[in-house]
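Heads up, the thing below is written out as structure tokens.
The values are calculated or read from the model by the stated rules, or taken from the named source; none is laboratory data. Not measured: the values here are computed from a predicted model. Cβ placement follows ideal geometry from the backbone for every residue including glycine, while neighbour counts extend to all protein chains displayed.
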Amino acid sequence: MHRRSLITGVAIALAAFGCSAAARHLFTAPTVAFRGVALESIGPFGGRVHVNLLVRNPNPYSLSTSAMTYELFVRDTVALARGADTLHRTVVGHDSLVVALPLDVSLRGLLVAGNAVVGYGMVPYRLVGDITAETPIGARKIPFDQKGEFAPVQVR
């Protein structure tokens, strides 16, 4: 009886390993790249910007986003804006899609960004978040974390 339980346990472990290995070969995580920010409005307590992200799908099949969470930092630590998006978007296979996300920004974040522009001409940023993608093999949460610089915001 103990031998049968051991064989059953090994068979289940092998099947689970085989499924996860197959999933790795069937799905490649999409990439997210920051494509700029545009200032929509500014007020006494902050403002509203649109952050543009490029989502690339390296898979041969379409992916649908069901949720996105994101946070934009200036100088790596000052939170400029954060948000969540639940719009369903589809990125066809081997293609990309620009996603414009409206974000409410803090006055402190705007001041730090403005000081960076005055002193350096560019705004150092860090974009952190995740995308929940609906795939043929189930929902996958894809984290992203990238740093770079962007030119001063353009007023819309």
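Just a yes or no: is a residue in the range 92-111 β-branched (Val, Ile, Thr) and in contact with a Pro (Cβ under 6 Å, 6 or more places away or on another chain)? Checked the range 92-111: no residue is β-branched (Val, Ile, Thr) and in contact with a Pro (Cβ under 6 Å, 6 or more places away or on another chain).
Among the residues examined, Val92 qualifies as β-branched (Val, Ile, Thr) and either in contact (Cβ under 8 Å) with a residue 60 or more places away in the chain or within 26 Å of Phe27 (Cα to Cα) (or both).
Which one is farthest from the chain's Cα centre (by Cα), of the residues in the range 27-44 that are in a loop (DSSP other than H, G, I, E, B) and crowded, with 17+ Cβ neighbours inside 10 Å? Please lay out each step first, then the result.
Within the range 27-44, the subset in a loop (DSSP other than H, G, I, E, B) is 27-30, 44.
When the remaining residues are screened for being crowded, with 17+ Cβ neighbours inside 10 Å, the result is 27, 29-30.
Values: Phe27: 17, Ala29: 11, Pro30: 9 Å.
Of everything passing the filter in the range 27-44, Phe27 is farthest from the chain's Cα centre (by Cα).
Whenever a residue of the range 47-70 is modelled with pLDDT under 90, its partners that are of a type in the set (Phe, Trp, Tyr) and surrounded by 16 or more Cβ atoms within 10 Å (Cβ to Cβ), lying with C-beta atoms within less than 7 angstrom and at least six residues away or across chains, give the pairs Leu53/Phe34. If you filter the range 92-146 down to residues that are β-branched (Val, Ile, Thr) and assigned to a helix (DSSP H, G or I), you find that the one that is surrounded by the fewest Cβ atoms within 10 Å (Cβ to Cβ) is Val118.
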